[in-house]
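The values are calculated or read from the model by the stated rules, or taken from the named source; none is laboratory data. Being a predicted model, the structure only gives us computed values, none of them experimental. So basically every Cβ, Gly included, is an ideal-geometry build from the backbone, and we count neighbours across all protein chains shown.
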């Protein structure tokens, strides 16, 4: 029993599309919610609400699945190509993504033409991980698997290593495992995605592509999706319950049940802890299992975004930031306050912001606004497969 290749790849693209849409919710919250510019963590036990915590938690699925499926797509792309060809593609695309992160993503997040505030976020992590993957593909799959597991499951043993200052060793460590910001006289470099676990995640995503080869049996794939999904979720509850290893911050009993639940599920994203990856990738496996035989108008809707992830990513940040300027003008503020510099957010933003209801409405509006543009670009890519540069976008 082997379904056609198209259906298999569609399930991957649909899942990617779902998390891209959810990603927009998090970014709309960043620019519109009243707590965003108060430096308030939406997962903070003492200040969050059930809806705010859920809004943040559900978006935790975006980055790890985005990176994981990037590895899967790399495997599928190279399945009919020689390793040197795949190496060249991964290496050059990784460099290209880092370039886009620094010069395009930084600008659309900040609207700062002076680039005094540089960011290294998920696109940087994908780019660097892709460069690493370009070398890993020459290794036996078992070695790649072991390396991926070690990086994901073992990196929390490094949580106790904390660097300070702006020395070379410290800067290297910030990029590898410690989220930080480098603040200089006239510029700031924000390192939000330390790469050690992301490299391992992309490596495992690459191996995951094996399940979606043309000759891979459907029944066996289904069994593995269930095993991986249920196994990851079970591992999360076991390790989180033991509360010894797997996350930077142990959970604690609180004075209310809801706060205890918040504490239990509040796992570390920067860098992604073992438990964070278990509770995000596990449900993703089950989602893929359910998606493979599901096809309707809703899945077709998400498929559009999943087929053009990089195009969607940059466009959605640009649109959200632009809408935020309109939002602050409506609020009675100045558009200049939505330009972010090395000095950080304007103090005027402390009084700015909307409710979560408005955040959700803006999110829906953004997604619907982006849909026709993404659909048109998806069709353009499908009809112009001979244009090599489209594989970099």
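Observations on the structure shown:
- Scan of the range 242-268 for residues that are assigned to a helix (DSSP H, G or I) and within 23 Å of the chain's Cα centre (by Cα), ordered by number: 262, 263, 264, 265
- Residue tally, condition surrounded by fewer than 20 Cβ atoms within 10 Å (Cβ to Cβ) and outside any loop (DSSP other than H, G, I, E, B), over the range 176-186: 4
- Checking the range 294-304 against the condition returns no match, with no residue being closer than 27 Å to residue 115 by Cβ, surrounded by 13 or more Cβ atoms within 10 Å (Cβ to Cβ) and at pLDDT below 95.
- Index of the failed condition, residue 204 passing every other in (1) surrounded by fewer than 20 Cβ atoms within 10 Å (Cβ to Cβ); (2) modelled with pLDDT of 95 or more; (3) over 17 Å from residue 270 (Cβ atoms): (1)
- Only residues that are free of Cβ contacts under 8 Å to residues at least 40 places away in the same chain and buried (at least 18 other Cβ atoms within 10 Å of the Cβ) were counted across the range 332-345, and they come to 1.
- Out of 18, 104, one residue alone is under 14 Å from the mean Cα position of the chain (by Cα), within 22 Å of residue 307 (Cβ to Cβ), assigned to a helix (DSSP H, G or I) and touching a residue at least 12 places away in the same chain (Cβ under 8 Å). It is 18.
- Hey, residue 271 outside any helix (DSSP H, G or I), surrounded by 14 or more Cβ atoms within 10 Å (Cβ to Cβ) and within 21 Å of the chain's Cα centre (by Cα) or not: yes
- Tally of residues being more than 23 Å from residue 205 (Cβ to Cβ) and buried (at least 23 other Cβ atoms within 10 Å of the Cβ) across the range 16-32: 4
- Candidates 189, 220 - the one that is outside any loop (DSSP other than H, G, I, E, B), touching a strand residue (DSSP E or B) at 6+ places or on another chain (Cβ under 8 Å), over 23 Å from residue 135 (Cβ atoms) and modelled with pLDDT of 95 or more: 189
- Of the criteria (1) surrounded by fewer than 14 Cβ atoms within 10 Å (Cβ to Cβ); (2) in contact (Cβ under 8 Å) with a residue 12 or more places away in the chain, which one residue 375 fails: (1)
- Which numbered condition residue 344 misses (of (1) modelled with pLDDT of 95 or more; (2) on the phi > 0 side of the Ramachandran plot): (1)
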